[in-house]
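Here's the structure we're looking at; comments come further down.
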Amino acid sequence: MRNLLNYISIVVPVVAVLLLASCESNFKDVQRINSVGFNPVGRSENINLKYTDSGKVKAILKSPLMLDYSNLQYGFNEFPKGVDVTLMDNQAKESYVVSDYAITYADTDIIDLQGNVKITSNDGKVLTTDQLYYDQKNEWFYTEKYFKFTDGQGGFLEGPGIDFSKDFKVFNMQKNNGQINNVN
């Protein structure tokens, strides 16, 4: 009888473990069925995209990788390895935008730039932040994140939250501090 009890005390835990292991496998399958999979409809590497308007180049976008999710209800393009954008104004003056990551939303024409975002204007002005949105229709940048702006002449502004025009001529800031040199 004692051998039978020893045998049962060994067999029952082994059977229980095997049953639990098989249930775990089925549970993972059920989880996979209920998960939403985002699969891009297209993938482009080393892109160099030029945007023109009325025969003039207005912007050049370069990126090592673009994933196209335009097949979704709210389509977007993702740039998981960052972007390097050159913006040109009507006088062909260039400003530069770089970030570690970006998403463009097709329906809203909003670009979400994230990670080490830096804008450099043709006259030496620089703005840095962790995240910045660009409204393509209105040619307007904005963020709620901390930013630092330098004017290329020793002046600076910094603080949370800013929105401004593409040419750095119009600024709206929430809270800031800094030093601006008055040049006559």
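The values are calculated or read from the model by the stated rules, or taken from the named source; none is laboratory data. Owing to the predicted nature of the structure, the values given are computational and were not obtained by experimental measurement. Cβ coordinates were reconstructed from backbone atoms using ideal geometry, including for glycine residues, and neighbour counts include every protein chain displayed.
Odds and ends about this structure:
- Members of the range 74-99 found to be touching a residue at least 60 places away in the same chain (Cβ under 8 Å), polar (S, T, N, Q) and not in a strand (DSSP E or B), listed by number: none
- Positions within the range 143-163 being among the aliphatic types (A, V, I, L, M) and out of contact with any Gly (no Cβ under 6 Å at 6 or more places or on another chain), in sequence order: 162
- Being surrounded by 15 or more Cβ atoms within 10 Å (Cβ to Cβ), touching a Phe, Trp or Tyr at 6+ places or on another chain (Cβ under 7 Å) and not hydroxyl-bearing (Ser, Thr, Tyr) holds for only one residue in 135, 167, 163, and it is 163.
- Candidate set: the range 76-86, residues that are buried (at least 17 other Cβ atoms within 10 Å of the Cβ) and closer than 21 Å to residue 168 by Cβ; chosen: the one modelled with the highest pLDDT: 83
- Identity of the residue in the range 87-103, at pLDDT 90 or above and over 14 Å from residue 126 (Cα atoms), that ends up surrounded by the fewest Cβ atoms within 10 Å (Cβ to Cβ): 100
Here's the yes/no breakdown for (1) of a type in the set (A, V, I, L, M); (2) in a strand (DSSP E or B):
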{"residue": "132", "(1), (2)": "yes, yes"}
{"residue": "143", "(1), (2)": "no, yes"}
{"residue": "149", "(1), (2)": "no, yes"}
{"residue": "175", "(1), (2)": "no, no"}
